[in-house]
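The values are calculated or read from the model by the stated rules, or taken from the named source; none is laboratory data. Remember, predicted model here, so these are calculated numbers, not experimental data. Because the Cβ atoms are built from the backbone with ideal geometry, glycine has one as well, and the counts that use them run over all protein chains shown. Protein only, heavy atoms only, side chains kept; ligands, DNA and RNA dropped before computing areas. Shrake-Rupley method; radii C 1.70, N 1.55, O 1.52, S 1.80 Å.
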Amino acid sequence: MNNIIKKIIIASFTIVGALSVASSASAGKQNKWILEYTYMSGSSVVGEQVINQCTGSVFTSGQVTASKVLVSSEPCSYDDTNNR
């Protein structure tokens, strides 16, 4: 049961992330993002990668696999002061 819930959550984040990235592409190439991916082995997360287009840095940890899933994304100009 937990594996099904994990897969549904991962699929939901993937769809949201893909829509966010697609909308940024249509808004213009000047938009940059912070993208968080997970590397999967079956239904288990075995690694992660964060690509920070704002600073040009990439952080990768854990095991890198062929199954890479976008978990979240946010624009460089994101302001979370209203979310605290």
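Residue-by-condition table, conditions (1) modelled with pLDDT of 90 or more; (2) in contact with a Lys or Arg (Cβ under 8 Å, 6 or more places away or on another chain); (3) at negative phi; (4) among the charged types (D, E, K, R):
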{"position": "ILE8", "(1), (2), (3), (4)": "no, no, yes, no"}
{"position": "ALA22", "(1), (2), (3), (4)": "no, no, yes, no"}
{"position": "LEU35", "(1), (2), (3), (4)": "yes, no, yes, no"}
{"position": "GLY42", "(1), (2), (3), (4)": "yes, no, no, no"}
{"position": "ALA66", "(1), (2), (3), (4)": "yes, no, yes, no"}
{"position": "SER73", "(1), (2), (3), (4)": "yes, no, yes, no"}
{"position": "ARG84", "(1), (2), (3), (4)": "no, no, yes, yes"}
Total residues in segment 50-76, condition under 15 Å from ILE10 (Cβ atoms), open to solvent by less than 60 Å² (accessible area, probe 1.4 Å) and part of a strand (DSSP E or B): 6
